[in-house]
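Okay, structure first, notes after.
Throughout, read-outs are computed from the coordinates displayed, never taken from laboratory work. These figures come from a predicted structure and were not determined experimentally.
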């Protein structure tokens, strides 16, 4: 990821990228631009091809839409990529191609972090596609989608279904190791944001220390002790404008900030744990 930055690249690694071929210069230019990483220019040429051949029975417009969708995906222009890939599905000439385009669409939805839409489409392919290889890839995509959501229970179920269907033949070791990591991820090792906030409510800095941020905890304790002492001193000595300032601005700011920071650090700790597990699991189930 830069875990999540490479979502579309890891997603499309699970299916063969459709290749456009043909005598039309627009397609040749588009493919040359794709190879050079000039995706804007490639999109322009694919659009040109589609414009001239949208009514042709001999031209594979669906393939051009699919390639255009991937070009847009590489640039992270997700709504435009989804629109192009939807049109690739609609213009496919046969059911096998249509299901393959749906897999491409699911990959782009995964790349654009539209996890619910990707999972819905994959479940339909797992259930209704008549092509075993499509169902196999849909199951694997389903597991990948659940990994990105940190939904470890669903990852476990998806991998179990993948094994049960017989698709894991030759990959048993990788899948078994991935399942073991999923089980480890499910067991815990995380921090409770609620507990971190309660600890820092009772003793400023305690929640930060619970999350492993000892220096932040000591800093929060020192600042809250100082502002608390100033507040007590001002209450005892006056004037009241100092009391109002120290209570409403200094003490409350540092005390509430200490509680919020403890909760945030617990969530960040959990996110780091989940990302570490995700990277390891994806490395295993993404192997060819």
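So what are the radius of gyration and Dmax for the Cα set of segment 85-168, in Å?
12.3, 38
Between segment 192-232 and segment 44-89, how many Å separate their Cα centres?
55
Where a ≥ b ≥ c are the square roots of the eigenvalues of the C-alpha gyration tensor, would you call segment 134-187 rounded, which needs a/c under 1.5, or, failing that, prolate if a/b is larger than b/c, or oblate? Mind showing how you got there, number by number?
Working: a/c = 2.25, a/b = 1.29, b/c = 1.75.
The shape class here is oblate.
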